[in-house]
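A.B. asks: This is the structure I want to talk about, given as structure tokens.
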Amino acid sequence: MTPPIDSIAAPRSIAGTFLGGFVPAVAYHFGVMEVLAERGFVLRAGFRANGEARETGPPGIDFVVGSSAGAFFVTAACAGMRPADMLGAVSDEATRRGRFEARLLGEGKGLSRKTLEWARVGPKPAWASRRTWKSWAAESTLNMLFPLWTLEPMADYLRHEVLQGRDWEDLRTEAAILAVDLNHPLTLVVGEREAPILELFRRQPVRPEAIHLILGSEGHKIVRVFEEAGVDPGHPALEPFRADPDARSDTLRIRGVPMALAAVGSMATYPFYQPVTLEDRAGRPYRIGHYTVQVQDGEDRNPFTTDVAEESGADLVIVSSISAPYKYLHGFGSLAERGYSAVYQQKTAQGRDAKQEDVKSAHRTQQALYRASRAILEAGGCGPDAVARLDAEFQRIARIAHVRIRIYPDPDIAAENRILRTLDPLEFTPRAVDRARQLGVMVARRVLARYRFEFLEGG
């Protein structure tokens, strides 16, 4: 049975969220953007001239969020890179951008490189940070035998070839990149905005170690730390934490980190890559309080929440994700027989699928509670004022009026599943890139066919 077509009125602001999935995800997102452009959506790509204001409002996408491979896509697409550039960069064809080479996917940290680092900066103080000499010896041996790679070449490529020395503020579209803090249970939202709590922390007499107590903690703990330091309890920066004292603060907006470095920090997937130490624009380690920030893959925490986009003012959020667990198809055989990459990609896809289902289930529950509550009020003759208050509370708590469109493959559709099964996470040949792009086009057309966008010409 054909699903009903949902009609969407003009939103105040549109945001796009682009998730990971290794190399194929980048081309997949380009395919999704092709279809969005066909339907009338606009990603204002390229750089602004000095003093030029950003153009905002539908049908333009005002805010884009990227994590993991999606961070590479957001950087490239916002800088003006096109699908043709992506294909040309992995073939022998000439391209506006620098050639994408295998070395950009990482450099090893083997014995020779470690020896050179030791000669340059000296040995790290490992003994004091290990519990026993046995654990120190075991970890040192593992690091030599199975070294983590570094994404420094990728950072240089994004900085010089893609962004061409420009940064966040130069883009025509505002962007943000998600990276998970290695030392605290929270996701850093790196971009042009900064959480007011950080400015309060810098200006008020709060002891330096207090930052560790508030990162990833509940609202009442955060308020208590600042009130004990003598901060006015009515300070506006503390209002969100007082309003919901039991909610954990699991995201933190920061600024001042170059976009290229934020992107590779979001791509630093363990066990392939070592965590990335963030730096400010002067090349100094980026610090929050008295600790240096180190980050890893932006999808280690839940990447499917749309809170970051919605808190930026968007009420229509389009989520593009290539991740979907494969299902067995006759003739393909066991994934275990196909080797490490297939098994790892299935493992990560299943983990992301579980997170996505949790988010979708929460949204369905919120909608059901809203409809039931409204029906009770209307049946009781409470009048429009009570219904308006209910709408306002649900909007504040659950953003019930927001529209979230999720563009991801359906493993029950054989054509999409077959393409998924043929994508290798680290293959970036022209044929593989084009196949992933075609998958994005296929999935986006299927999903968007369910929607009629009233504010788009011909929508």
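The values are calculated or read from the model by the stated rules, or taken from the named source; none is laboratory data. What you see is a predicted model; the values in this text were computed from it and never measured. Here the Cβ is made from the backbone with ideal geometry for all residues, glycine too, and neighbour counts use every protein chain on show. For the accessible areas, the whole protein counts, side chains as well, though only heavy atoms, and no ligand, DNA or RNA atoms are used. Shrake-Rupley method; radii C 1.70, N 1.55, O 1.52, S 1.80 Å.
A.B. asks: Assuming F332 fulfils every condition listed in (1) under 24 Å from G440 (Cβ atoms); (2) open to solvent by 50 Å² or more (accessible area, probe 1.4 Å); (3) modelled with pLDDT of 80 or more apart from one, which condition is it?
C.D. replies: (3)
A.B. asks: Given the conditions (1) closer than 20 Å to R255 by Cβ; (2) of a type in the set (D, E); (3) modelled with pLDDT of 85 or more; (4) not in a loop (DSSP other than H, G, I, E, B), and given that E199 satisfies all but one, which numbered condition is not satisfied?
C.D. replies: Only one criterion is unmet by E199, namely (3).
A.B. asks: What is the number of the single condition among (1) surrounded by fewer than 16 Cβ atoms within 10 Å (Cβ to Cβ); (2) among the polar types (S, T, N, Q); (3) farther than 23 Å from T150 by Cα that Q346 does not meet?
C.D. replies: (1)
A.B. asks: Only one residue in A282, A237, A247 is under 22 Å from H212 (Cβ atoms), among the small types (G, A, S), open to solvent by 30 Å² or more (accessible area, probe 1.4 Å) and out of contact with any His (no Cβ under 6 Å at 6 or more places or on another chain), so which one is that?
C.D. replies: Just one listed residue meets the conditions, A247.
A.B. asks: Can I ask one more? Which condition does G165 not pass, out of (1) closer than 29 Å to A49 by Cα; (2) open to solvent by less than 60 Å² (accessible area, probe 1.4 Å); (3) in a loop (DSSP other than H, G, I, E, B), if it passes all the others?
C.D. replies: With respect to (1) closer than 29 Å to A49 by Cα; (2) open to solvent by less than 60 Å² (accessible area, probe 1.4 Å); (3) in a loop (DSSP other than H, G, I, E, B), G165 is out only on (2).
A.B. asks: Using the structure shown, decide if R406 is out of contact with any helix residue (DSSP H, G or I) (no Cβ under 7 Å at 6 or more places or on another chain) and part of a helix (DSSP H, G or I).
C.D. replies: No.
A.B. asks: Any idea how many residues of the range 361-395 are farther than 26 Å from R406 by Cα and of a type in the set (D, E, K, R)?
C.D. replies: Number of matching residues: 4.
A.B. asks: Could you tell me whether any residue of the range 424-438 is within 25 Å of the chain's Cα centre (by Cα), within 25 Å of T306 (Cα to Cα) and at pLDDT 85 or above?
C.D. replies: Yes - at least one qualifying residue is present in the range 424-438.
A.B. asks: Please identify the pairs in which a residue from the range 405-426 that is in contact (Cβ under 8 Å) with a residue 24 or more places away in the chain and closer than 25 Å to G16 by Cβ has its Cβ atom under 7 Å from the Cβ atom of a residue that is basic (K, R) and outside any loop (DSSP other than H, G, I, E, B), counting only partners at least 6 apart or on another chain.
C.D. replies: Short answer, once both residue conditions are applied: L423/R435.
A.B. asks: Residues that are within 17 Å of A263 (Cα to Cα) and modelled with pLDDT of 95 or more: which strands (runs of 3 or more DSSP E) entirely in the range 1-93 hold 1 or more of them?
C.D. replies: 14-18, 63-67
A.B. asks: Pick from the range 128-162 the residues that are of a type in the set (K, R) and part of a helix (DSSP H, G or I): which of them is modelled with the lowest pLDDT?
C.D. replies: Per the criteria, the residue is K134.
Here is a yes/no grid of residues against (1) of a type outside the set (V, I, T); (2) surrounded by 20 or more Cβ atoms within 10 Å (Cβ to Cβ); (3) in contact with a Gly (Cβ under 6 Å, 6 or more places away or on another chain); (4) outside any helix (DSSP H, G or I):
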position: L213; (1), (2), (3), (4): yes, no, no, no
position: F226; (1), (2), (3), (4): yes, yes, no, no
position: G230; (1), (2), (3), (4): yes, no, no, yes
position: R242; (1), (2), (3), (4): yes, no, no, no
position: V257; (1), (2), (3), (4): no, yes, no, yes
position: S266; (1), (2), (3), (4): yes, yes, yes, no
